[in-house]
Every structure is written in C-alpha cells, then in structure tokens.
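Below is one structure; the comments refer to it alone.
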C-alpha cells in the first residue's frame, strides 16, 4: 500500500488526517491487502482476471469504512465492486468486514480516484458509479478540492458502459447546487429525476452511512442524484 508520491502539486479532493490505526485495522492491512487490494499501475485492469469471472462492474468512490459497499455487495453477489478509499483506518475496517463475510466480489484501491480512472479503468467498463457524501469542502477557498468537478465527469463519461448509471448523494446544499449545475450543463448526462429540482428519490437500496447520519443529526437535508448517459454526444 505505498502512497503515490508523484505530482505532489496536483490539487487532491482529500487531505489525509488519519488517526492511529487499531490493532485490528493494522492486522487487516498487513494480512488481507494482498488478497483484496489493487495497487496503482499504468495499465488497465483485467477485470475478468481480477474477479476471476465476468459480471457487472461497480465503482464505489470514497467508501469510508465501507458499510454501503458491503451491504450492496452482499445483496448483489453477481456484481463486482471496486471500492476506492485513501484513508487507511477505513480500508482496514473494510478488509476485516470482507474477510468476516467471506466476500470475493469486492476489491479495494487506496489511490486518488482520478489516477485510478485515468490509468486503470477500461473504456466503457463501468456499469454503476456511487459517490456518496464526498467532502463538500464548504469554504470558498477550498471548493477547488471538490471531488465532483468537470475533470471527474469527463473521465466518468469515458469509462461508463452503455446504460450505465451515476448515483450521487450529499447532505450539503451548496454542494448539491454545484452538482446539479455541473451535471445539467453537460448534454451527455441525463437526469433521471422527474421533479423540477432535478433530485431523485432516495434509492431504497442505499443504506444510511455514518456521514449521512452525522448530517441528519445536524438537521441537514439529503439530496440524491441519478444520471444516465447519452454516449453519442
């Protein structure tokens, strides 16, 4: 799990402020990473080889401790999941959960999603992308760090498969407005909501994450977005 030290001046959507690893998390990182981890490389992933089968491919970005990923993977064993998370304590927790539940359909990347998309995700290979409660970076001077931006959307459009879907959730109103304005201005994205606010009903399969729970405790609203794609644009 070596951190990529290249391009240090690139603006990232995260800052690593990791607390101390628990003994359980450290054990998982030392013993389970080789089994479930995906190191960064300059070559596209061979998905059939990686998962030892073919199946719908789901990219889950910024998974935290992986509760949502785990829940979806258990309910849909036919899918293959790549969970992307840069914080080692969360990765350690997810590794332990994967082992405890004997799951074989989740792999984990600990690198910036931009690097992963640019270098490792094959063209038109992703059936669904989940981005749930990424850091809203609410201060104006920090908003350049927001994960959901033109660069990310451009990469998503390259990697999404025919009939693919992008699912986003946030509890920060200004970030929701940013997402809506960004995506509605792109003719390749099709908002699948039927209402005038361009938000979608909460999917019944999306469990409440700890980040969502924290937002609800602060009386935040939650906005869900679901997009399809016009790949001919």
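Every number here is computed from the coordinates shown, using simple stated rules; none is lab data. As the structure is a computational prediction, the values presented were derived from the model and not from experiment. All Cβ positions, glycine included, derive from the backbone under ideal geometry; neighbour counts span all protein chains shown.
Taking every eigenvalue of the Cα gyration tensor of the stretch 69-143, multiplying by 5 and rooting it, what semi-axes result, largest first, whole Å?
Semi-axis lengths for the stretch 69-143 are 24, 17, 12 Å.
Between residue 150 and residue 190, the simple spin-label model (points 7 angstrom out along Cα→Cβ) gives 2.5 nm. Select from 109, 125, 185 the residue whose mean-square fluctuation is largest in a Gaussian network model of the chain (Cα-Cα springs shorter than 10 Å). Judging by the Gaussian network model, the answer is 185. When the P(r) is computed for the stretch 142-233, the part past 17 Å accounts for 52% of the Cα-Cα pairs.
The relative contact order of the chain comes to 20 percent, based on Cα pairs under 8 Å that sit 6 or more residues apart.
Note on residue 24/residue 231: beta-carbon distance plugged into 1/(1 + (r/R0)^6) with R0 of 45 Å gives a FRET efficiency of 0.55. Build a GNM of the chain with springs between Cα atoms under 10 Å apart, and of 90, 66, 154 the one that fluctuates most is 154. Within the stretch 30-167, the proportion of Cα pairs with more than 18 Å between them is 53 percent. Of all DSSP beta bridges confined to the chain, the antiparallel ones make up roughly 30%.
Ranking request for peptides 43-55, 160-172: highest mean number of other beta-carbon atoms within 10 Å first, then the rest in descending order.
Details: 43-55: 12.5, 160-172: 20.2.
Result, highest mean Cβ count within 10 Å first: 160-172, 43-55.
Estimated from helices alone, the mean residue ellipticity of the chain at 222 nm is -9500 deg cm²/dmol (sum of -39500 (n - 2.57) over DSSP H runs with n ≥ 4, per residue). In terms of packing, defined here as the mean over residues of other Cβ atoms within 10 angstrom, the peptides 83-89, 178-184 line up highest first as 83-89, 178-184. Projected over all directions and averaged, the alpha-carbon convex hull of the chain occupies 13.1 nm².
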